Amino acid sequence: MTRFSPFFLLGLLLCRPADAFDWTATSVGLSHSNHYAEPFNNKDVGKNIYSLTHANGYRYGSNFLNIDHLVSDSSDPAPSGSGARETYVVYRHLLDLSKLIGQPLRFGPIRSVGLTAGFDWNNKNDVGYASKKQMLVIGPTLMLDVPGFLNISLLVLEESNRPRSIADRYTYKTHPMLNLAWNIPLGNLGTLPVEFAGYANFIAAKGTNEFGSQTARETNIDMKLMVDAGRLAGRGSSPFKIGIGYQYWHNKFGNLPSTVGSTARTPYLRAEYHF
């Protein structure tokens, strides 16, 4: 798989003139829990996850970029003995086919139809696996006609990795993923507007891994309820949001269900600043 730099793409997205986009949205965030799970680790792992998220829209579609920096406690150690550090990057481009052809593609509950392409990239320095993942994705997307957005994509994944214990990058069997991504306003809880956001990935097995073992089907659901912190404090609308989230990750990274730590059931706290 061709090597690429996600940070070069970040520069391209953020340095373009503002008038090149119809809209932009950027936020920084922090998530915390003491109940994350890692495969082959029988301990609960505490993590702080620092996030930078940027999205923008232009004439024919939209871009989405999220960079997470994950800081583990000593239950998920690095070779130095301190907690491991990981950077995980997700980029998606959604081409709206109705805008491209100049004709509406609306039917039933579907607002439009698109084509999604992008990549995942990560780098982790833990004492065990030390992931160096690269993954390309492409496939069709249905955009549902709801407040906010709800997109359903069927993506083909080409994934590779080069952990510490192997010399050459290993490419898994090409496999599909059903992806849902959403951010939907739920109305008011009392006087507080509540947003329901998240994603769900249902990933097929990817053949054998780099050690010759079979992989398993994977489910990763991450969802959060967020409220305006200023409104919560009775001071009017603000760019700060706080909330709670929950992650369910079964057969994490395609590990078999018999693997210790392969299922995460993680409640977490979340804070965001939008600008």
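For region 213-234, the condition holds for no residue, the condition being that it is basic (K, R), touching a strand residue (DSSP E or B) at 6+ places or on another chain (Cβ under 6 Å) and within 20 Å of F119 (Cβ to Cβ). Return the pairs, sorted by first residue and then second, in which the second residue is at pLDDT 95 or above and in a loop (DSSP other than H, G, I, E, B), the first residue lies in region 8-32 and is surrounded by 10 or more Cβ atoms within 10 Å (Cβ to Cβ) and of a type in the set (F, W, Y), the beta carbons are less than 8 Å apart, and the residues are 6+ apart or on different chains. Partner pairs satisfying both residue conditions: none exist. Checked across region 174-188, the condition of being crowded, with 16+ Cβ neighbours inside 10 Å, closer than 25 Å to F64 by Cα and of a type in the set (G, A, S) holds for at least one residue.
Out of L178, L157, L144, L115, one residue alone is closer than 17 Å to N63 by Cα, within 21 Å of the chain's Cα centre (by Cα) and not small (G, A, S). It is L115. None of V113, V90 is modelled with pLDDT of 95 or more, of a type outside the set (F, W, Y) and surrounded by 19 or more Cβ atoms within 10 Å (Cβ to Cβ) except V90.
Of all the criteria given as (1) crowded, with 16+ Cβ neighbours inside 10 Å; (2) modelled with pLDDT under 95, the one not satisfied by S80 is (1). Listed here are the strands (runs of 3 or more DSSP E) enclosed by region 179-275 that have at least 2 residues being under 25 Å from S33 (Cα atoms), touching a residue at least 40 places away in the same chain (Cβ under 8 Å) and not aliphatic (A, V, I, L, M): 192-203, 240-250, 264-274. What do you reckon, is G46 more than 30 Å from P239 (Cα to Cα) and surrounded by fewer than 20 Cβ atoms within 10 Å (Cβ to Cβ)? Spelling it out, it is not the case that G46 is more than 30 Å from P239 (Cα to Cα) and surrounded by fewer than 20 Cβ atoms within 10 Å (Cβ to Cβ).
Which members of region 124-143 meet the condition of being touching a Lys or Arg at 6+ places or on another chain (Cβ under 6 Å) and outside any loop (DSSP other than H, G, I, E, B)?
M143
Taken over region 75-109, the criterion of being farther than 21 Å from D120 by Cα and of a type in the set (G, A, S) is satisfied by S75, A78, S80, G81, S82, G83, S98, G102, G108.
Can you tell me which residue within region 121-147, out of those that are touching an Asp or Glu at 6+ places or on another chain (Cβ under 8 Å), free of Cβ contacts under 8 Å to residues at least 60 places away in the same chain and of a type in the set (D, E, K, R), is nearest to A181 (Cα to Cα)? Applying the filter and picking the extreme gives K133.
The values are calculated or read from the model by the stated rules, or taken from the named source; none is laboratory data. Just so it is clear, the model here is predicted, and its values are computed rather than measured. Cβ: placed from backbone, ideal geometry, glycine included. Neighbour counts: every protein chain shown.
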